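Laboratory data are not the source of any read-out in this text; all were calculated from the coordinates shown. This one's a predicted model, so the numbers in the text were calculated from it and none came from an experiment. Positions of Cβ are backbone-derived with ideal geometry, glycine not excepted, and every protein chain shown enters the neighbour counts.
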Amino acid sequence: MSDEATTVAHLRRQVAAFVAAREWEIYHTPRNLSVAIAIEAAELMEHFLWLSPEQAAAAMENPRRRAAVVDELADVLIYALSLANALGADVSEAVQAKLARNEQRFPPEEWRGRARGIDDASTGPEG
């Protein structure tokens, strides 16, 4: 099913059912899941290690390399959904609340075309 046809709640239920069928709930603590997310994120980054931005973009044109990256992305998301399940966190509310806070922190008129850590922007829009 596509993103357009699948809800976050549906994905959370699928992840929970997968975990429950294997009786893995005992291992799915917030600590363990946060570590798992970090490990999977590192595996995702490994696909781009030592590549320039141009080389990384070109690598994603290779179907096998792109599929491997998408698999790692899925691992990150599955563990993130497992963490949401373990915490009883509402992912949609969390994302919307974080975006609202970031709207205040990074107003478009001050941050358009800028990124934290680039051109000393990490100190804020004042420079």
*Rg(Cα)/(2.2 N^0.38 Å) for the chain, N = residue count*: 1.30
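Would you mind computing Rg(Cα) / (2.2 N^0.38 Å) for the stretch 47-94, counting N as its residues?
1.55
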*Nearest 10 degrees, 0 to 90: helix 91-105 Cα axis against the chain principal axis*: 10 degrees
*asked:* As I understand it, the value is the acute angle between the Cα axis of helix 63-87 and the longest principal axis of the Cα atoms of the chain; what does it come to in degrees, rounded to 10?
replied: 70 degrees
*On a 0 to 90 degree scale, rounded to 10, what angle separates helix 8-21 from the longest Cα axis of the chain?*
40 degrees
*Report the charge-dipole magnitude of the stretch 1-89 in Debye, nearest 20, computed about the Cα centre from +1 at each Lys and Arg Cβ and -1 at each Asp and Glu Cβ.*
220 debye
*Based on the alpha carbon coordinates of the stretch 1-72, what radius of gyration and maximum Cα-Cα distance (Dmax) apply, in Å?*
15.9, 44
